[in-house]
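The values are calculated or read from the model by the stated rules, or taken from the named source; none is laboratory data. If you're wondering where the values come from, they're calculated on a predicted model, not measured in any experiment. Glycine gets a Cβ as well: all are built from the backbone with ideal geometry, and neighbour counts include every protein chain shown. Accessible surface areas use protein heavy atoms only, side chains included; no ligands, DNA or RNA. Shrake-Rupley method; radii C 1.70, N 1.55, O 1.52, S 1.80 Å.
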Amino acid sequence: MTDTLRTIWNDLRDFLLAGGTPGTEITRSHSWPWGPSVTLVLVVAAAAWVLYVYARERGRGGPLQKAALASLRIMLIVLVVFLLYGWMLHRHRTDLPDLVLLVDDSGSMATVDDDSDPRQRAERIRRLQAAGLQQPARIELAKLLLLENDADLLRQLQQRYRLKVYRLGGTVRPLSGGADESPDWISEIRGLEASDSSSRLGKGLQDVFAIQRGRPTAAFVLLSDGVTTEGKTISEAAAEARRRAVPLFLVGLGSSHPPRDVRLADLLVDEVVFVGDLVHFDFQVLATGYQGRRTTVRLMVAGNDGSALAEQQITLGKDGVPRSVRLSHRPVEKGDYEFTIEVEPSAGEANAENNRQTRVVKVRDDALRVLYVQAYPSYDFRYLKTLLGRSLKHDSPDKAVELTTVLQDADLEYAELDETAARGFPVNRDELFAYDVLIFGDVNPSFLSRAVMENIVAFVEQRGGGLVVLAGPRYTPLAYRDTPLAALLPVNLETASLPLPGAALDRGFVPQPTRLGIASPQMQLADTLPASLAVWREMPEGYWSLTASDLRPGARTLAADPSRMGSAGEHLPMISMQFVGAGKVIFHASDETYRWARHPGGERYYARYWIQTLRYLSRAKLLEGGRLAELTADRTEYRRGETVRLRARFFDDRLAPTADDGVTVMLESDGNPRRQLALHRDAVNRGVFEGRASNLPDGKYRAWIATPTLGGQPPTQRFAVVAPPGEQARLEMDAADLQAAAKTSQGRFYTFGSAANLLRDLPRGRQVRIESLPPVPIWNSAVWAGLFVVLIAAEWLLRKRAGLL
């Protein structure tokens, strides 16, 4: 209130002193030779002398009359001194100070923000319609502030300042406003469109500073979302505004929260699988603005009339925090299938194009060559031989497995009676290498020479074959402690032990998958992880097992006995695995998986487990003659300063380096130095390595796997780092930068809701003289002469009345 009254008084004073001429500046001067201090001493001395004289004067007048007479005489002395000063009034015609108004018309100003308060949104739409404007985009809100109430704000700015209006985006462009002395920008402002492809806001402010050099500028007013896509930001340009004493009054338009969005990322799936395999699609869902909302993710395949093969309801997490999801499907026919993962679009989502990703998966039905060797016909041998030797109608196509068995204790005629039987274990290395998987049961080592054992080691380490070792009560594995085969096993045979001979085996156990095991494809007996865990819990009990609690370094426990503890305090391993050279070895501490098939309804899961295990061990067969590995990036284009995420995946785990940081990627770009990046192994997938590259210069990049060395051309991925980013790359209002700029320049920051205070807070500015007017003498006025006569006459009359004449 005080500021308002002071403004009114100053305007009225200047108007009166200028003789009613607006745009006039007033200055004053005098011709009195002495300064104010000397003048004050003289006036005080004269006043004292007057008081002294009247105090000593004799007459009928009392003290009150003498005081009045002394006052009149002192007033006469002050009036004479004022006249002797010779005051002159100098007038100068002035121009109004400039005020620069800038409206951001870059592409991000076309954003329609999702207002969380429906009442505020309805009120804004009502105001926009009343002003003849359209949808509540940011550019329309800027127009509303200027044009609302018959363009009241714009007209008041024109009355108080010499207004200059600019459009600001990639460049600064003035609005013409017509050729009149009082421009009318209403029609031009109403026609503004947010179409500029970039935002160089800081650079644009600096350009206007250069234009205004030498001009009296009260302030800059900018209506913008504050998003700068190239060059200096507004806060960086604010330092120059402060040096020039030009405050920035910034009206932030839009929401400071990122636009609401849900997107898919990091889809991972095997490129080639067997018919009947459970194919996992692992991916991440990232959401912004939907925390706690429920949505649905679906797996679909082209040509399947749009119906989902699998779907799952998920709860979206915090902004930017990925939610890992897995959908699974069992293809039943061979072919090349185009699978699509899709997350259901949410209400108010800014971009629905990133809600889906597509991958092509090749489904093959190649038959596996499996060699099963056993000393005697145990129950496990009989059940597994029967399973693998027949057509599996539900879990694999016909001839999914070409089985060969070697039964050491069998008669010679056995090989002639059983079409799967061979007379002896392959002695020639090439014969052994023709198989994909070797199932090594309870085998008598006396029937195997050291050369044969070394061939088995080479089959795993060099050929990359799969090996399943089944513990038995007679030979395997303890009889092989001092043989080359001991190094293949994931358990330490030195501390392993068998149940005591003749001991009663009345305590049963049900192996349960570990956290790592249930994520392994061969351990998943149902289509979802919870269903698989439920199947494992319902498995029948086993009774006989080898106690082998010490695993070799790098070995993994896939399933354990929850009722018994090992020497290190973990549950006793029952199914374990390790990578040996190029191959994989799975060890069963018990040979009683046949009990699963004897359990009602368990034959299905027994068959599924074994088929999946054999396929897992022979996955390299699918990739022979094809790609060995791939290198992918999470995107093909990045903004300058963004982190590039690279992922190397080896389709055959045996080709993956043993070291966790054994993958090196080279990054090459024209004009930039070559860069080397180390990838690190994923915690769950042995054949997946990931790494991140940051602060890459602009350019087109070629990334390729330098180590390990693979045959043929190394896997390659191309991507680009570009600048400037697109206007849609960042859509949230940069409130922090706008606030910092306002503070630095000693201006103000407003939101759309508080922009009504803008006109009140704007400074008056400094007027500029354009010409001098004739001076007006203040002292040479009839008013002062009349006042002198009145004071003299009043003193004379009062003296006469008091008898002092």
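Tabulated data
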quantity	calculated
Protein accessible area in region 100-241, 1.4 Å probe - carbon and sulfur %	44 percent
Long-range HN-HN contacts of Met88 with modeled amide H, under 5 Å	Ser29, His30, Ile778
Cα gyration tensor shape of region 359-487, rounded if a/c is under 1.5, else prolate or oblate by comparing a/b with b/c	oblate
Restricting region 476-542 to trypsin sites (Lys or Arg not before Pro) in coil, as DSSP defines it, with at most 10 other Cβ within 10 Å	Arg507
Label-point separation, Arg702 to Leu759 (7 Å along Cα→Cβ), nm	6.4 nm
Protection proxy ranking, peptides 200-206, 279-285, 45-51, average beta carbon neighbours within 10 Å, highest first	200-206, 279-285, 45-51
Cross-link partners of Lys143 among aspartates and glutamates (Cα-Cα below 15 Å; sequence separation of 8 or more within a chain)	Asp104, Asp105, Asp152, Asp184, Glu188, Glu193, Asp225
Heavy-atom accessible area per residue - the chain, 1.4 Å, Å²	49 Å²
Degrees, to the nearest 10: 735-744 long Cα axis against longest axis of the chain	40 degrees
Extension reserve of the Arg215-Ala526 stretch, reckoned as 0.36 nm per residue once the Cα distance is removed	104.1 nm
DSSP-loop GluC sites (Glu not before Pro) across region 550-645, with at most 12 other Cβ within 10 angstrom	Glu624
Charge context of Thr476, other residues only, Cβ under 12 angstrom, K/R +1, D/E -1	-1
Shape call, region 98-154: gyration tensor on alpha carbons, a/c limit 1.5	oblate
Euclidean distance between Cα centres, region 673-690 to region 185-233, Å	46 Å
On Cα atoms only, tilt of 201-211 relative to the major axis of the chain in degrees	30 degrees
GluC sites (Glu not before Pro) restricted to region 163-247 and DSSP loop, no more than 13 other C-beta within 10 Å	Glu181, Glu193
Ranked by how many other beta carbons lie within 10 Å on average, peptides 489-498, 445-454 from highest	489-498, 445-454
Members of Lys318/Lys743; Lys362/Lys385; Lys232/Lys318; Lys164/Lys203; Lys203/Lys743 lying beyond 25 Å, as alpha-carbon distances in this model show	Lys318/Lys743; Lys362/Lys385; Lys232/Lys318
Under 5 Å, built H, 5+ apart or other chain: amide partners of Asn444	Ala375
Region 280-310 and region 693-725: distance between their alpha carbon centers, rounded to Å	30 Å
Tensor-based shape of the chain (alpha-carbon gyration tensor, a/c under 1.5 rounded, otherwise prolate or oblate)	prolate
For peptides 739-752, 413-426, sequence by mean Cβ density within 10 Å, most packed first	739-752, 413-426
Relative contact order %, the chain, counting alpha carbon pairs below 8 Å whose residues are six or more apart	15 percent
Theoretical ellipticity at 222 nm over the chain - DSSP helices of four or more residues, -39500 (n - 2.57) apiece, nearest 500	-8500 deg cm²/dmol
